[in-house]
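Take a look at the structure below.
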Amino acid sequence: MEDEIVNVVETRTAPLERQETHPKVMVTGAQLVQEARDLLAEAGVEAIYAPAYSSSADLAQIAREHEVQAVLVRQGQIIAEVINASPKLQVIAKHGSGVDNIDLAAATARGVPVLRALAANAQSVAELAIAHTVSLMKDITVLNIAVKGGDWPKTKYVGRDLAGAVFAVIGFGEIGQRAATLAQALGMRVIAYDPFAKGIGDISVSDDLESVLREADVVSLHCPLMPQTRHLINEKTLRVMKPSAFLVNTARGAVVDEAALVAALRDNLIAGAALDSFEEEPPAKDNPLWGLPNLIATPHVGGASRSALRNMALQSVNHILGVLAGNGFERRALANQELVQRQSAQS
């Protein structure tokens, strides 16, 4: 069932070879890698690039003006206004796996599949999670600032050992499992929380979040953003963590209650945090997080390695070309699974 190719019931334009004008795809963000651009060009599909972090109203205007058949989502909020802007829209493809910025219900209502690039950036995100973990536990940024500022804390510095430390994975999917493997390679002991996943090898998965947080030296977030995980890390759960523990978030920003995290870092309820995503992106220049010495911040670049960018772009473009050519899509890549049920009922 997972590898099933699903035919598209509601087709609004002819397949590529029968179209008199070039179909158009709106890309919300930076230019795609060259291989992906070449694929679109060879198929006769025109790419319309929307500026990074365009507002939903601006995206809707572009989609309406160009009557796009597809949207390739890199950034921006793809709300119902955007989805309904073009009467020719056939498919939405995500340049990644997280679809919390896409209104799946609105897409389903339009009969538009939302397709994810599965595991395309998993290794890259997992590697950044481990890089943040090492930076926090080894005080890399703190020592860097001290030395560059003229200090030489060699005689008074006592570091931490990675080997034997407990690395807690919150969300044991593809990325979480890869982060776990990398942590084990460093000698860390891995535990995990996921109410839906099963353990692998010697890693047991618990459905008790607090027990996992209580034991962890590093808490690494790898869960998708959904109603159940919004502010999963909050004032209550931060107080469960050890005062010596660190938080790493390479998932979605809203999994963490930033106000609660600011308070926890200021009051030394936890030792530090590293964030690659934020509740608002880009964050405000006066975000209170910036004044905290025990915070590391990166600009949501977990999936921005060369291989990840290539994989995400090629998967996304192939998803789009498959639908536009009338070849359907892979069921396992479909984010709005309700669409298949809806199409079956219509058939």
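Table for the structure above
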item: Beta bridges by DSSP in the range 64-220, antiparallel share as percent, to the nearest 5; result: 5
item: Separation of alpha-carbon centers, the range 214-263 and the range 279-333, rounded to whole Å; result: 20
item: Set of lysines with alpha-carbon distance to K148 below 20 Å, sequence-local pairs under 8 removed; result: K138, K156
item: From phi via Karplus (6.51, -1.76, 1.60), per-residue ³J(HN,Hα) for the range 68-78 in Hz, x at Gly/Pro; result: 5, 8, 8, 10, 9, 8, 10, 9, x, 9, 9
item: Ranked packing of 252-258, 271-277, 207-213, most packed first, by mean Cβ within 10 Å; result: 271-277, 252-258, 207-213
item: Added length on full extension, which subtracts the Cα-Cα distance from 0.36 nm per residue, H231 to D202; result: 7.5 nm
item: Highest to lowest packing among 188-195, 322-329, scored as the average C-beta count within 10 Å; result: 188-195, 322-329
item: Rough spin-label spacing in nm, given labels placed 7 Å along Cα→Cβ, for S211 and H66; result: 5.2
item: Candidate residues V91, V158, V134: accessible-area rank, largest first, probe 1.4 Å; result: V158, V134, V91
item: The range 247-290, relative contact order [Cα under 8 Å, separation at least 6], %; result: 53
item: Percent antiparallel among DSSP beta bridges (both partners in the chain, rounded to 5); result: 10
item: Histogram of C-alpha separations across the range 161-297, 10 Å bin width, %; result: 13, 46, 33, 7, 0
item: Note, ³J(HN,Hα) from phi for the range 270-278, Karplus 6.51, -1.76, 1.60, rounded to Hz, x at Gly and Pro; result: 10, 7, x, 8, 10, 10, 10, 9, 9
item: Packing rank of 288-298, 99-109, where each peptide gets the mean count of other beta carbons within 10 Å, highest leading; result: 99-109, 288-298
item: Most mobile listed residue (A333, A263, A146) in the chain, GNM with C-alpha springs under 10 Å; result: A146
item: Surface share of carbon and sulfur [accessible, 1.4 angstrom probe, percent] for the range 226-330; result: 52
item: Accessible area of the chain divided out per residue, in Å², using a probe of 1.4 angstrom; result: 47
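The values are calculated or read from the model by the stated rules, or taken from the named source; none is laboratory data. Quick caveat, the model's predicted, so the values are computed rather than measured. Reconstructed Cβ throughout: ideal geometry from the backbone, glycine too, with neighbour counts over all protein chains shown. Quick note on the areas: whole protein, heavy atoms, side chains included, nothing else; ligands and nucleic acids left out. Shrake-Rupley method; radii C 1.70, N 1.55, O 1.52, S 1.80 Å.
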